[in-house]
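What follows is one structure encoded as structure tokens, with my remarks underneath.
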Amino acid sequence: FFQFFTAGMNVLVLRSTFQAGCIRSDRSGRSIHATPPRRWHLNAAPQDDVEVKRDQPDQVLRTISDNGQVSIIVVNGTRLVQEAVDRHQTAPTASAALGRALLGTLMMSCFRGEGEKTQVSFRGNGPFGQIQVIAESQGVVKGLITNPDVNFPLRESDKKLDVSQGVGRGVLSVVRSLPMNEVGSTVVPYTGMVPIVSGEIAEDLATYLADSEQTQSALGLGVSVGRDLSIEAAGGFLVQVLPFAEDATIEQLEKNIGKAGSMSKMLKDGLSPKQITEILLEGLGSGGEGFSLVPRYGPCDEKDLQERMKKAVAALGVDEVKAIIEEQGMIEVTCEFCKSTYRFDEADVMRHVQDGDFSP
């Protein structure tokens, strides 16, 4: 068992009921995605005041070391996190929190069984409220943060975004949802829960993997927010040591991770996931080209989303639906994951009300 927490990168070694979507309706169809002006600022220079090289594409890369004792996933998700920030209009500290949660959950889900999904929920007592992320094995991920406007001054101790203050303490839950089996029966999801130990996201996910899945791992996450509030770099790595790994292998990994430095700085310096993998597996062999995929922020399927929205509205009941329609002329519903808003008239939802079709 080996353990790190490196300042500037949010790194830890670890030994994190599926909801179809979070939908909110109000009284007030086409998808609407507004982009209000930003009103936040950083109270200091960016986390690493260096020239940023932004030409690297998003990629998730999985590699096995030459000796077969180590599996490593490295992700560059800069564009993915930028899309999430644009959709949710997050303040800088909230951007870092949501970005870390997205990337951590993405790595925990990628390259698993076909159709498997992973849902991670941070339910802390901090002002962020809930942070929830759903990721699929093929690299599609989406998330939400209850209070995206929350922001704090940079920490005096290290001039980093104070994510832990926003998360607070509470419970981290992880649900592994499997597809139906060969005979069409639903497989019961695996659910694990652990306390939020720091609120820094990586350390908490590390604790989950150690305590609930008994996986010896090292997890690193980094999200760098620029002066213009754009995402300069966002990425992470997940190193997992197989049970038969030799002590010499673990010692080499400890050495490599300790000297690798900030994940966000490596990305800002222009290093690709392959190059970062080679740094982390120095002395162990980088295992060839590995397996890769392109991650993306997964807006909900429009047809399926609208159908679920209509059912959710129908659950309000006939009287409430008619009252909203009479007052506003329509019902407006927003998906809290993708922030797409749809408007429905009475005919759109009354069929579900009359049929009693309220399931999500």
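The values are calculated or read from the model by the stated rules, or taken from the named source; none is laboratory data. The model shown is predicted, which means the values in this text are computed figures rather than measured ones. Keep in mind that these areas ignore ligands, DNA and RNA; they rest on the heavy atoms of the full protein, side chains included. Shrake-Rupley method; radii C 1.70, N 1.55, O 1.52, S 1.80 Å.
Observations
- Solvent exposure of region 74-137, expressed per residue, is 23 Å² of accessible area, with all protein chains present and a 1.4 angstrom probe.
- Rolling a 1.4 Å probe over the protein chains gives R112 an accessible area of about 100 Å².
- Principal axis dimensions, region 181-260 - Cα atoms, whole angstrom, descending: 53, 40, 27
- Once all protein chains are placed together, E320 keeps about 70 Å² accessible to a 1.4 angstrom probe.
- Over 14 Å [Cα-Cα, region 224-268], rounded percent: 61
- Between region 184-217 and region 236-297, the C-alpha centres lie 21 angstrom from each other.
- Probe 1.4 Å, protein heavy atoms only - accessible area per residue of region 197-247 in square angstrom: 30
- Of the whole protein surface, S286 contributes about 30 Å² of accessible area at a 1.4 Å probe radius.
- Sorted largest first by accessible area at a 1.4 angstrom probe radius, with every protein chain in place, the residues R123, R155 fall in the order R123, R155.
- Whole-Hz couplings from phi, Karplus 6.51/-1.76/1.60, listed for region 245-254; x for Gly and Pro: 4, 7, 4, 5, 5, 5, 4, 5, 4, 4
- Residues whose amide H lies under 5 Å from that of C338, counting only those 5 or more places away or on a different chain, are C300; hydrogens are built 1.01 Å from N in the peptide plane.
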